[in-house]
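Written out below as structure tokens is the structure these notes cover.
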Amino acid sequence: MKDFSPASNHKHNKVIRKEDLKEYEIIGDGADGIVYQLTSDRCIKFFFKEETQQRELEALRIGQSSPVMPRLYQYGANFIVMEYIKGFSLARYLKKHGQLTKPLVEKILNMLDELKKLGFTRYDAEIRHVLINELGDLKVIDHKRAFTSDQPVPVKLLKGFKKLGLTDEFLRFVREIRPSVYDEWKKYK
Ligand SMILES: Nc1ncnc2c1ncn2[C@@H]1O[C@H](COP(=O)(O)OP(=O)(O)O)[C@@H](O)[C@H]1O
Ligand SMILES: [Mg+2]
């Protein structure tokens, strides 16, 4: 693995080029960057814009106290080395299994609480950004909107369930687990 460490990069202002990463396998990409697998437990997110990197880095740093956040290892001006979450997304899980369970909904509610505890103003996550690791723990990725989106109701999450026809099932479990939350969310059905 190449050295992306702060030792070769005193002020964390090192800039890497996409070419520097061409030997690594791409594990995902999005509008803001490309993610490559570095080792069995580390990946690197290469950002198209340094501003997006700063927003995601801030959320990850603050998030290190929470088990739902990937571990942060190294970073430079346009990249972040973080924990590679081995598993699959909640979206893939639900497409495969076609249903939710009460323990899973409990985990989802706890995951959202973790984001709130960290002080994120975004109490939401897309089902493709919630990853389920090998132990069945939920981890959330892609945090650039943690502080720029002000979303007290998880509308993106609810939208994800809606697409899969699982909104009623999700809300039924929410009502069982937390009746007051259900009353707030049912209008977003
Ligand atoms: N820490 C990670 N562990 C495993 N896969 C990841 C991780 N971070 C990103 N990915 C994969 O890369 C994809 C793109 O990452 P994401 O952070 O969503 O990029 P963007 O900001 O461009 O949307 C994700 O949907 C996921 O499949
Ligand atoms: Mg994304």
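A Cβ distance below 8 Å, combined with a sequence gap of six or more or placement on separate chains, defines the contacts here; from region 69-94, residues that are at positive phi reach residues that are part of a loop (DSSP other than H, G, I, E, B) and open to solvent by 30 Å² or more (accessible area, probe 1.4 Å) in the pairs 87/134.
If I ask for residues that are on the phi < 0 side of the Ramachandran plot and more than 16 Å from ligand 2 (Cβ to nearest atom), which ones from region 121-137 would you list? Of everything in region 121-137, those that are on the phi < 0 side of the Ramachandran plot and more than 16 Å from ligand 2 (Cβ to nearest atom) turn out to be 121, 123, 132, 133, 134, 135, 137. Whenever a residue of region 139-165 is in the same structural domain as residue 105 (by TED's automatic domain parsing) and part of a helix (DSSP H, G or I), its partners that are open to solvent by 60 Å² or more (accessible area, probe 1.4 Å) and more than 13 Å from ligand 1 (Cβ to nearest atom), lying with C-beta atoms within less than 7 angstrom and at least six residues away or across chains, give the pairs 155/188; 158/188. Scanning region 101-132 for residues that are open to solvent by 10 Å² or more (accessible area, probe 1.4 Å), away from ligand 1 (no atom under 16 Å from the Cβ) and not charged (D, E, K, R) gives 101, 103, 104, 110, 118, 119, 121, 123. Being β-branched (Val, Ile, Thr), assigned by TED's automatic domain parsing to the domain that holds residue 166 and in contact (Cβ under 8 Å) with a residue 40 or more places away in the chain, is that true of even one residue in region 121-134? Checking region 121-134: at least one residue is β-branched (Val, Ile, Thr), assigned by TED's automatic domain parsing to the domain that holds residue 166 and in contact (Cβ under 8 Å) with a residue 40 or more places away in the chain. Considering region 58-112, the residues that are small (Gly, Ala, Ser) and part of a helix (DSSP H, G or I) include one that is farthest from ligand 2 (Cβ to nearest atom), namely 63.
The values are calculated or read from the model by the stated rules, or taken from the named source; none is laboratory data. As the structure is a computational prediction, the values presented were derived from the model and not from experiment. Cβ sites come from the backbone with ideal geometry, for glycine too, and all protein chains shown count toward neighbours. Quick note on the areas: whole protein, heavy atoms, side chains included, nothing else; ligands and nucleic acids left out. Shrake-Rupley method; radii C 1.70, N 1.55, O 1.52, S 1.80 Å.
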